[in-house]
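Below is one structure, written out as structure tokens, with a few remarks after it.
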Amino acid sequence: EAQVTQNPRYLITVTGKKLTVTCSQNMNHEYMSWYRQDPGLGLRQIYYSMNVEVTDKGDVPEGYKVSRKEKRNFPLILESPSPNQTSLYFCASSLRDTGAYEQYFGPGTRLTVT
Amino acid sequence: AQSVAQPEDQVNVAEGNPLTVKCTYSVSGNPYLFWYVQYPNRGLQFLLKYITGDNLVKGSYGFEAEFNKSQTSFHLKKPSALVSDSALYFCAVRDPILTGGGNKLTFGTGTQLKVEL
């Protein structure tokens, strides 16, 4: 089944404790992206990757890191999480980086930072 | 810059009645427009898109949307609503003229659709 998977689905952590949220897609998509969803704000892009070893900042990159060493994986790293990073996070992928292609979303990771 | 607005936080409709979820956009050139749906505790699912061609676009689950360039709108419609259509709906826009940002979509804030018996 074609899908985007994320782990973990739920995570509660404390301020400053480094964490990684994994994202993997099995569709051989070139483009991958991370979003955060907050009430009243819709989805905002954190980082994106147009292919292996090619990443760039989105609208809200502060406090996050990413890497794209393999085509299928695009982990999101929070080096020192803070309470304002409490949010619902989505990974997404699409076939190419041009805007005509729809994106496929993972199931989401709900992160709480205390 | 690209932006999208969903003026209604919530839309209530009776089952069997037609539904409309509104979306307006702002881009420099000709937009790429998308609708996604989010069910509780799930990721977003693609419903339909407008890239070029016929202004009336048909998508999944009986939904359709009409691109209106003069009104800069892309309203989502369905002739007969079902209780199972109750979900959070997002409109998104991409300005293909913009450089950088890859496949960046700008999302609206979402409209909660509630279909009641």
**Prompt:** Where residues in the range A:69-114 are assigned to a strand (DSSP E or B) and more than 15 Å from the chain's Cα centre (by Cα), which of them is surrounded by the most Cβ atoms within 10 Å (Cβ to Cβ)?
**Reply:** A:V113
**Request:** Could you list all residues from the range B:1-42 that are outside any strand (DSSP E or B), polar (S, T, N, Q) and modelled with pLDDT of 95 or more?
**Result:** B:Q6, B:N17
**Message:** With the structure loaded, tell me whether B:E116 is farther than 20 Å from A:F90 by Cβ and in contact with a His (Cβ under 7 Å, 6 or more places away or on another chain) or whether it fails that test.
**Reply:** no
**Request:** Can you confirm whether the range A:29-47 contains a residue that is surrounded by 14 or more Cβ atoms within 10 Å (Cβ to Cβ) and assigned to a loop (DSSP other than H, G, I, E, B)?
**Result:** yes
**Asked** So is A:V66 at pLDDT below 95, more than 8 Å from every other protein chain (Cβ to nearest Cβ) and either within 27 Å of B:P96 (Cβ to Cβ) or buried (at least 21 other Cβ atoms within 10 Å of the Cβ) (or both) or not?
**Response** no
**Message:** Being surrounded by 20 or more Cβ atoms within 10 Å (Cβ to Cβ) and more than 25 Å from A:D59 (Cβ to Cβ): is that true of B:L47 here?
**Reply:** no
**Prompt:** Among the strands (runs of 3 or more DSSP E) contained in the range B:58-117, which hold 1 or more residues that are under 15 Å from B:T24 (Cα atoms) and within 14 Å of chain A (Cβ to nearest Cβ)?
**Reply:** B:64-68, B:87-94, B:111-116
**Prompt:** Is it the case that B:L47 is outside any helix (DSSP H, G or I), under 22 Å from A:A100 (Cβ atoms) and within 14 Å of another protein chain (Cβ to nearest Cβ)?
**Reply:** yes
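The values are calculated or read from the model by the stated rules, or taken from the named source; none is laboratory data. All values reported here derive from a predicted model rather than from experimental measurement. Backbone-built Cβ (ideal geometry, glycine too); neighbour counts: all protein chains shown.
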